[in-house]
Amino acid sequence: MTSHAQAMPPNYIAPWAEIVPDMPRMTVAELAALPDDGWQYELVDGVLVRMPLSGGEASNIAMKLGGRLSVFVEDHALGRVTGEAGGYDFSALGQPDTELGPDVAFVRAENVPARTSPEYSRAWPVAPDLVVEVASPNQWRPALSVKAQRYLAAGVRLVWVIWPRWREVDVWHQGDLEPQTLSVDDMLDGETVVPGFTYPVERLFT
């Protein structure tokens, strides 16, 4: 596995983000009531954290892969795909007062909240089957490894962390202590999570 590790940032709660200063602990419901101020917010064990909006490169990669995945999932009636505005409430999944917002996520049809339910228009209270995170220039492997492990602990089956600066993708599965790292010569594979879906890693960066 290729290693580009750096020392863990001082924020051990959510090292991929910045803790919002002088904020009391809050719930997922309170997070939903925050005004839109140009930041992306997540909640981790009741602690509010924030990240700046994605740059053009990261956003384009997420849209490119998410678009292909969404068409495949729709064509095969497998479930739903959400983008970076889609939050997931892990409060009932062993991580109280926690809501994360992956850049792309896939949820199998049987796990999608009913369209007529109140949950459908809120952060979905389920673990996606597949999560995709596109690293920003200021994010590093130790930090996003913590986030990947949080996803897996909530029940996510497959996590892809995309690294534009190295043109690599880390692939995480349940039980992994370290990811498998793919290069531009490799192929992303949905495995049993999104059966039949593949995408060349090189195409993410072109």
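A few comments on the model shown:
The rows are residues; the columns are (1) of a type outside the set (S, T, N, Q); (2) modelled with pLDDT of 95 or more; (3) at positive phi.
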{"position": "Ser136", "(1), (2), (3)": "no, no, no"}
{"position": "Ser145", "(1), (2), (3)": "no, yes, no"}
{"position": "Arg167", "(1), (2), (3)": "yes, yes, yes"}
{"position": "Gly175", "(1), (2), (3)": "yes, no, yes"}
{"position": "Asp186", "(1), (2), (3)": "yes, yes, no"}
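- Yes/no for Gly86 being crowded, with 17+ Cβ neighbours inside 10 Å, at pLDDT below 95 and not aliphatic (A, V, I, L, M): yes
- Qualifying strands (runs of 3 or more DSSP E) (wholly inside region 107-206; at least 3 residues being in contact with a helix residue (DSSP H, G or I) (Cβ under 9 Å, 6 or more places away or on another chain)): 130-134, 158-163, 168-173
- Residues that are crowded, with 20+ Cβ neighbours inside 10 Å, assigned to a strand (DSSP E or B) and touching a strand residue (DSSP E or B) at 6+ places or on another chain (Cβ under 7 Å) do occur in region 44-62.
- Residue satisfying condition, being in contact (Cβ under 8 Å) with a residue 12 or more places away in the chain, touching a Pro at 6+ places or on another chain (Cβ under 9 Å) and at negative phi, within set Pro96, Pro128: Pro128
- Single match in Asn111, Asn138 (criterion: among the polar types (S, T, N, Q) and either in contact (Cβ under 8 Å) with a residue 24 or more places away in the chain or crowded, with 21+ Cβ neighbours inside 10 Å (or both)): Asn111
The values are calculated or read from the model by the stated rules, or taken from the named source; none is laboratory data. Not measured: the values here are computed from a predicted model. Here the Cβ is made from the backbone with ideal geometry for all residues, glycine too, and neighbour counts use every protein chain on show.
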